[in-house]
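No lab work stands behind these numbers, since they all come straight from the coordinates. Treat the numbers as computed from the prediction; the structure is a model and nothing was measured. Cβ sites come from the backbone with ideal geometry, for glycine too, and all protein chains shown count toward neighbours.
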Amino acid sequence: MERIASITSSYYKFSQAAILVFALDRPHTFHVLSQHLLDIVTYAENAKIFL
């Protein structure tokens, strides 16, 4: 899990924006948005976020 976290931080580090999307026909995709949002807020503090 730690290795994945380091990859995640590198992936988001220089992001300027994030677009979060989900599939209406797959409720699970909506429920995991909170984790993606948390990652973005943590690793890309200045990114603009769109849902």
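The angle between the Cα long axis of helix 2-12 and the main principal axis of the chain comes to about 90°, on a 0 to 90 degree scale.
Taking amide H as placed 1.01 Å from N in the peptide plane, residue 49 has its amide H under 5 Å from the amide H of 18, each at least 5 places away in sequence or on another chain.
With θ taken as phi - 60° and the Karplus curve 6.51 cos²θ - 1.76 cosθ + 1.60 applied, the whole-hertz 3J(HN,Hα) list for the range 13-27 is 3, 9, 5, 9, 7, 9, 10, 9, 10, 8, 9, 4, 8, 9, x Hz, x standing for glycine and proline. Among 39, 25, the ranking by other beta carbons within 10 Å of each residue's beta carbon, starting with the fewest, stands as 25, 39.
Helix-only arithmetic for the chain: the sum of -39500 (n - 2.57) across DSSP H runs with n ≥ 4, divided by the residue total, places the mean residue ellipticity at 222 nm at -15000 deg cm²/dmol. Against the set [x] 3.9; [y] 3.6; [z] 4.9, the structure's computed mean projected area of the Cα convex hull in nm² falls on [y].
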